[in-house]
Amino acid sequence: MKNVQYVRRFFMKRTMIAMAFVLPLLLFGSTDTIGYLGVSTGRLSDAMKIALEVDQGVIVEKVHEDSPAEKAGLEVGDIITQIDKAQIIDHRDLKKAVAERPNEKVTMTVFRKGKKMSKTITLGEREKSKLRLEVDIPEIPDLKVILGTQELQEHIDNLTQELEQLKEEIDQIKKQLR
C-alpha cells in the first residue's frame, strides 16, 4: 500500500509542479505579435561557406507566398547575413532579429550568386505561437512489478481522469476570460 501512495504522490507532485508553471501562462499569457519575414532557412555547412565565399548566415530554402520576403524580392538560395546591425550566424539569430520588430522597416544584407546586396524589407506581424498543454502519463514497467498491473492501471486511470477534468476547467476559465 505504501508503494501505491508513493506512486500517487509522485504523479500528483509532478502534475502540480507543471500546473504551477503552466496555469499562469494559460490564464494570463499575452497575445502579443511578433515580426514575420516569411522564409524557411537552412544552416550553412562549412563546405557551403567556402563554396559561397561567406563567413556566416543562413540560406533561404523557401520564400512563402505573399510574405514580406516575397514582396522584397528575396529568392531561394539567398544567404541572409545581417539585419540592420545584427549579425545573422544561424536560424536563432534570424528568428530573434525578426521577432523583435513587427511591422518595422529593416535593412537586410544578402548574398546572391556571390554578390553582396542590401534589401529594405518591411516586416510583417503574426500572433505569437500559443502554448498547448498535453500531459501523458508514461507507463513505468518497474512500478507494474511493484504494485501489480491492475492496481497500478487503476491509479493511472484515476490520475488521467483528474488531468482531463483539470484540462476542461482550464478551457472553461479561458473561455470566460475571452
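The values are calculated or read from the model by the stated rules, or taken from the named source; none is laboratory data. Just so it is clear, the model here is predicted, and its values are computed rather than measured.
Just checking, which of Leu94, Leu131 is modelled with pLDDT under 90, under 16 Å from the mean Cα position of the chain (by Cα), outside any strand (DSSP E or B) and among the aliphatic types (A, V, I, L, M)?
Checking each option against the conditions leaves just Leu131.
Do the conditions hold for Gly77, that is, is it at positive phi, within 26 Å of the chain's Cα centre (by Cα) and at pLDDT 75 or above? Steps first, answer last, please.
Working: at positive phi: yes; within 26 Å of the chain's Cα centre (by Cα): yes; at pLDDT 75 or above: yes.
Yes; evaluated as a whole, the condition is true for this residue.
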